[in-house]
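The next block holds one structure in the form of structure tokens; read it before the comments.
The values are calculated or read from the model by the stated rules, or taken from the named source; none is laboratory data. Treat the numbers as computed from the prediction; the structure is a model and nothing was measured. Cβ atoms come from the backbone with ideal geometry, glycine included; neighbour counts cover every protein chain shown.
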Amino acid sequence: MSHRHLTIPRRRFLATTLAAGVAPQLLLRAQSGSANDEITMGLIGCGGMGNGNMRNFLGIQGVRVVAVCDPDNRAAASAKDTVDKHYGNKDCKSFARHTDLLALPSLDTVIIATPDHCHAMVGIDAAEAGKDIYGEKPFTWGLAEGRKLADAVSRNKRVWQTGSWQRSGGEFRRFKALIENHTLGKLTRFECGTPSGMNIQHKMSKEEVEKQTGHPPEHLDWNTWCGPVKDCAYQPLLHPWDWRWHENFGGGQLLDWVGHHVDIALWTLGLEKTGPVKVEGSGEKGDHYFFNSYVKYAYQNTFADGRVIEVRSDFGGTKFTGENGWIHVDRGRLDASDRELLRNLPEGFDTKPPSHWQNFIHCVRSRATPVSHAEGAHRAASIGQLALVAMDTKQPVRWNPETESVIDNAEQAAHPRLGSRLAS
């Protein structure tokens with residue numbers, strides 16, 4: 001498969017749409033901000049998260065899903081069926097390649113829920129095509145490609161909302177408000193817990209894998225699924241779920257969850273537009289014959305002001321400790337060393353904010369910045385990417401968060417996680 005189509009040169013894309021007489025209408029539609037305008041949406045990546053996000057948007061008035069895309073035509077057909085049943089027609093379009101979906105002249109927004117290795121490729125193409133984007137976490141597989149994506153979103157003035165939905169969740173918003181209201185006094189410790197292990201769903205013997213390797217099923221366009229990961233023979237273990245446990249495609253639980261509990265810590269502390277100056281830690285990989293992600297880990301992120309955010313796989317959530325005690329937030333749980341601390345919410349705290357998906361649609365109309373913007377998502381993902389480099393090289397990473405470069409370590413600077421596999 002040729003990879004020349006991986007990104008759409010913006011000038012060529014706009015020239016094509018202008019020749020077709022559609023670009024002016026797109027620009028007027030994007031800038032109008034009228035609450036009466038219907039926002040059209042496409043889904044790229046029709047797996048579990050993609051379908052879940054799409055169903056949330058189907059329930060928002062003024063949003064119409066018009067197209068779906070997946071290199072697995074069974075997944076695409078299932079998503080199209082969901083959309084068609086919702087609207088009572090057969091109008092939803094279906095594609096195997098995201099570039100074909102992005103070429104639709106009437107499309108305003110896209111959901112990107114592909115595997116991690118395609119986030120940057122598809123996201124940049126969508127931004128260059130003038131689409132607003134709801135993109136899943138982690139922001140990208142690699143750090144340099146994350147910077148390329150964040151810059152593409154900014155350069156093209158696109159609205160980006162990351163699927164780090166905890167930022168819109170009640171208990172997490174309360175946690176942030178309590179910390180900002182100086183409930184704990186002087187803060188002394190910052191801990192984040194993200195999951196351990198590998199939740200492998202498709203269990204196969206070595207013999208079964210060897211028999212099927214190199215022979216993708218007819219319903220799957222394997223080369224398109226691989227995207228920027230070149231020269232990879234079909235592996236039945238990877239698709240559709242377990243790719244996340246292989247380092248070429250995902251980053252295990254560590255990278256999968258850094259966009260949740262670690263993101264909450266960065267958001268709360270006002271560190272979402274910078275990065276650590278040192279990352280160090282260690283981890284243990286699983287003993288599976290094919291998958292190679294870390295299953296246990298602990299790492300520390302030191303920032304320029306001396307604050308250290310600890311991340312471990314032996315608990316869950318975000319926990320801050322201060323001179324007045326501690327507060328611990330997790331999904332469905334907000335606890336403290338003294339429950340009275342939880343009463344110290346600032347006056348006027350909004351107890352009924354819009355959902356994460358509603359916030360995105362509001363920002364598409366108003367052109368405001370969503371609660372989980374691209375720069376914050378990139379910085380959260382970079383924490384996990386740097387941790388993987390530190391663990392792989394068994395050395396602390398000394399990092400310049402301004403230039404986003406390794407300091408005085410050529411081995412680490414050449415690590416694939418810090419590079420980009422995208423066509424330049």
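Structure values in brief
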item	result
Where a residue in region 68-82 is farther than 20 Å from Ala126 by Cβ and its partner, wherever it lies, is surrounded by fewer than 24 Cβ atoms within 10 Å (Cβ to Cβ), with Cβ under 6 Å and at least six apart	Asn73/His219; Arg74/His219
Subset of region 335-377 (residues that are in contact (Cβ under 8 Å) with a residue 24 or more places away in the chain, over 26 Å from Thr40 (Cα atoms) and in contact with a strand residue (DSSP E or B) (Cβ under 9 Å, 6 or more places away or on another chain))	Leu341, Leu342
Close pairs (7 angstrom Cβ cut-off, 6 or more residues apart or separate chains): buried (at least 17 other Cβ atoms within 10 Å of the Cβ) in region 285-312, part of a loop (DSSP other than H, G, I, E, B) and charged (D, E, K, R) anywhere	Ser293/Glu247
Subset of region 40-93 [assigned to a helix (DSSP H, G or I), among the small types (Gly, Ala, Ser) and closer than 28 Å to Trp257 by Cβ]	Gly48, Gly50, Gly52, Ala75, Ala76, Ser78, Ala79
From Asp151, Asp108, Asp132, Asp116, residue being more than 27 Å from Asp242 (Cβ to Cβ), buried (at least 21 other Cβ atoms within 10 Å of the Cβ), of a type in the set (Asp, Glu) and within 19 Å of the chain's Cα centre (by Cα)	Asp132
Qualifying residue in region 204-214 (condition: farther than 25 Å from Arg167 by Cβ, assigned to a helix (DSSP H, G or I) and of a type in the set (Lys, Arg))	yes
Filtered residues of region 249-273 (kept if over 14 Å from Ala377 (Cβ atoms) and either in contact with a helix residue (DSSP H, G or I) (Cβ under 7 Å, 6 or more places away or on another chain) or surrounded by fewer than 22 Cβ atoms within 10 Å (Cβ to Cβ) (or both))	Phe249, Gly250, Gly251, Gly252, Leu254, Thr268, Leu269, Gly270
Out of Trp225, Trp243, sole residue that is out of contact with any His (no Cβ under 7 Å at 6 or more places or on another chain), closer than 20 Å to Gly45 by Cα and not in a strand (DSSP E or B)	Trp243
Test set (1) farther than 30 Å from Asp37 by Cβ; (2) surrounded by 17 or more Cβ atoms within 10 Å (Cβ to Cβ); (3) touching a Leu at 6+ places or on another chain (Cβ under 9 Å) - Asp330 fails condition number	(3)
Listing of strands (runs of 3 or more DSSP E) fully contained in region 299-384 that carry 3 or more residues being over 26 Å from the mean Cα position of the chain (by Cα) and under 28 Å from Thr188 (Cα atoms)	325-330
Filter result for the condition that a residue is among the hydrophobic types (A, V, I, L, M, F, W, C), more than 22 Å from Ala96 (Cα to Cα) and crowded, with 22+ Cβ neighbours inside 10 Å, over Trp225, Trp165, Trp160	Trp160
Condition check for Gly286: of a type in the set (Gly, Ala, Ser) and touching a strand residue (DSSP E or B) at 6+ places or on another chain (Cβ under 9 Å)	yes
Lys176 being at pLDDT 95 or above, of a type in the set (D, E, K, R) and surrounded by fewer than 16 Cβ atoms within 10 Å (Cβ to Cβ)	no
Within region 94-200, helices (runs of 4 or more DSSP H) holding 1 or more residues that are more than 21 Å from Leu266 (Cβ to Cβ) and not β-branched (Val, Ile, Thr)	98-102, 119-128, 143-155
Residues that are at pLDDT 95 or above, under 19 Å from Val159 (Cβ atoms) and in contact with a Ser or Thr (Cβ under 9 Å, 6 or more places away or on another chain), drawn from region 103-118	Leu104, Leu107, Asp108, Thr109
Residue match in region 67-81 (condition: of a type outside the set (Lys, Arg), out of contact with any strand residue (DSSP E or B) (no Cβ under 7 Å at 6 or more places or on another chain) and buried (at least 19 other Cβ atoms within 10 Å of the Cβ))	yes
Filtered residues of region 310-356 (kept if farther than 15 Å from Ile179 by Cα and hydrophobic (A, V, I, L, M, F, W, C))	Val311, Phe315
